[in-house]
Structures are given as C-alpha cells and as structure tokens.
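Trainee: Below is one structure. I have some questions about it.
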Amino acid sequence: MNGYSPQIGDVVWDEVTRRIGRVMDRVSARWQLRPLGGGREWDTSGPLRPASAAEQLSAGVSLANARSRGDSP
C-alpha cells in the first residue's frame, strides 16, 4: 500500500475500481467502502488515497444529477 491508512468515515479514492467511497469498516486486509450517496458497499484491498476536493465535488454533482432524473444511486 502507499502508506496511507484511512480512518472510518474518511472519503477515499479506490484506485482498483476507480471509484470514490466512504470507509465503513476494515476486515483484515480489506476495506469496506460505500458510495457517497449510499448504496451497496464494496470490498477492496486498495490501494486507497484521500479523495481530492474536486473528486468529492464531482461525485456529489453526479449524485444530484441522478436524483433529479429519478435514478436511484
């Protein structure tokens, strides 16, 4: 890993799946992440890094657009 060890609740970028998510738990060497708008968690072994402000904003805009279209996150 890159030396970064996220805490529960941190918003991170999963470099394997190329998705942004909130850290929900850690089980052994795997992290459990959930999309920012809620939804199904996914497991990853990383590497993870803190999500930038721009990445968090982009994820929020995507979520708002999906909701305005009536799509569920």
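The values are calculated or read from the model by the stated rules, or taken from the named source; none is laboratory data. These figures come from a predicted structure and were not determined experimentally. Don't worry about glycine lacking a Cβ; one is built from the backbone with ideal geometry, like all the others, and counts go over all protein chains shown. For the accessible areas, the whole protein counts, side chains as well, though only heavy atoms, and no ligand, DNA or RNA atoms are used. Shrake-Rupley method; radii C 1.70, N 1.55, O 1.52, S 1.80 Å.
Trainee: For the range 41-73, enumerate the residues that are at pLDDT 90 or above, among the acidic types (Asp, Glu) and loosely packed, with under 13 Cβ neighbours inside 10 Å.
Mentor: 43
Trainee: Residues being modelled with pLDDT of 95 or more and either out of contact with any Gly (no Cβ under 7 Å at 6 or more places or on another chain) or open to solvent by 60 Å² or more (accessible area, probe 1.4 Å) (or both): count how many of those fall in the range 31-40.
Mentor: 2
Trainee: Taking the criterion of being among the acidic types (Asp, Glu) and in a loop (DSSP other than H, G, I, E, B), would at least one residue in the range 6-17 satisfy it?
Mentor: Yes, the range 6-17 has at least one match.
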